[in-house]
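The values are calculated or read from the model by the stated rules, or taken from the named source; none is laboratory data. Please read these numbers as outputs of a predicted model, since none were measured by experiment. Cβ sites come from the backbone with ideal geometry, for glycine too, and all protein chains shown count toward neighbours.
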Amino acid sequence: MDRFGTYGIAATAKGAEAAGAFAPLLEEIAVRGFGALPSLLDDDKVDQLNGLMDDVYARQCAEVGGETVLAGMNDADIARCLLAYSDAYLELATHPTLVALARAVLGETIVLLMQNGVINRPGRRQFQTRWHRDLNYQHWVCSRPIALSALVCLEDFNAETGGTAFLPGSHLVEHFPSDAIVAMSEVTPVLPRGSVIVFNSMVFHRAGINRSGRIRRAVNHVIGAPILAQQVDIPSMLGGEAPSDLWLAGYLGYRWNPARDVAAWRRQRMAPAASVHSAA
Ligand SMILES: O=C(O)CCC(=O)C(=O)O
């Protein structure tokens, strides 16, 4: 290392070694923009998460005065920040495989920007069936990913059930492509329930139309560099003290979200420094 040391630098030549067993998946994400891991969750866990998503959604409808209010803001059938309502979803957001993948792609300093449940019902058009990037309104590309999405499939995903469609490579092009390019390149991965689709948050994607007779649920996590803001203030929703694990505290936003004032920002920096000194 240079004798002056560094700060604010996380990517070094060593970073590439972190890929390990994920290397083929990471290459797919780098080039096509998305890839998948089957069998992240077993059937019992998938059943549990499906049931809990409906409970959280019902609570969130009640919070705003009913589902028609959500429909009026194009937010029907989305259960937001599930981890603040259910420990099983907090466990999912911190699943070791999801975290390892995010660290391999983005580096150590990352923050969970959002965790949303998407309920895709037959006979109802989910707003997420419109093409979008998970970093909305961004029409530029960058040389390395700044955010990664991990969409956990709580139903079999295919063209009939309304599985997610992707435009391969579209994270590398600034603009949304022409209808002809969309038609020739759109791909819907076929995956069993319990899988996770991992994608560069800048790749264009959309939920499919659900033509099956059953509800298709999924839970999306957007994880990013801490220059990006959380959609909902997760620490404030979770309440209480920051976790003692400093990495986890950072991941959930306790470390990166804006401090209330200058003194609070400095107090935040004193706490980790004190624990380093007392351990020395
Ligand atoms: O539910 C899906 O298939 C896609 C969800 C999605 O596009 C999103 O959460 O951004």
Anything in region 118-165 that is over 18 Å from Ser212 (Cβ atoms), touching a residue at least 12 places away in the same chain (Cβ under 8 Å) and small (Gly, Ala, Ser)? List them, or say none. Ala147, Ser149, Ala150
Restricting to region 62-77, what's the tally of residues that are surrounded by fewer than 18 Cβ atoms within 10 Å (Cβ to Cβ) and on the phi < 0 side of the Ramachandran plot? 10
Single condition Leu113 does not satisfy, out of (1) within 16 Å of the ligand (Cβ to nearest atom); (2) of a type outside the set (Ser, Thr, Tyr); (3) within 19 Å of the chain's Cα centre (by Cα); (4) assigned to a helix (DSSP H, G or I): (4)
Residue by residue through region 246-264, note down the ones that are assigned to a helix (DSSP H, G or I) and either touching a residue at least 40 places away in the same chain (Cβ under 8 Å) or within 23 Å of the chain's Cα centre (by Cα) (or both). Leu246, Trp247, Leu248, Ala249, Gly250, Tyr251, Leu252
Selection over region 56-89 where residues are away from the ligand (no atom under 16 Å from the Cβ) and touching a residue at least 40 places away in the same chain (Cβ under 8 Å) yields a count of 2
Could you list, in sequence order, all residues of region 213-232 that are within 13 Å of the ligand (Cβ to nearest atom) and more than 18 Å from Ala150 (Cβ to Cβ)? Ile215
Exactly one of Ala62, Ala36 is assigned to a helix (DSSP H, G or I), farther than 16 Å from Asn116 by Cα, small (Gly, Ala, Ser) and modelled with pLDDT of 95 or more, and that residue is Ala62
Answer yes or no: is there a residue in region 152-170 that is assigned to a strand (DSSP E or B), away from the ligand (no atom under 12 Å from the Cβ) and not aromatic (Phe, Trp, Tyr). no
I'd like the residue in region 120-150 that is surrounded by 22 or more Cβ atoms within 10 Å (Cβ to Cβ) and near the ligand (Cβ under 9 Å from one of its atoms) and, out of all such residues, is nearest to Ala207 (Cα to Cα). Gln128
Considering region 223-238 alone, what residues qualify as being touching a residue at least 60 places away in the same chain (Cβ under 8 Å) and surrounded by fewer than 23 Cβ atoms within 10 Å (Cβ to Cβ)? Ala225, Pro226, Ile227, Leu228, Ala229, Gln230, Gln231, Val232, Met237, Leu238
Expected single match for over 13 Å from Asn220 (Cβ atoms) and surrounded by 20 or more Cβ atoms within 10 Å (Cβ to Cβ) among Glu155, Glu160 is Glu155
Does Ser149 count as over 24 Å from His95 (Cβ atoms), hydroxyl-bearing (Ser, Thr, Tyr) and at pLDDT 95 or above? no
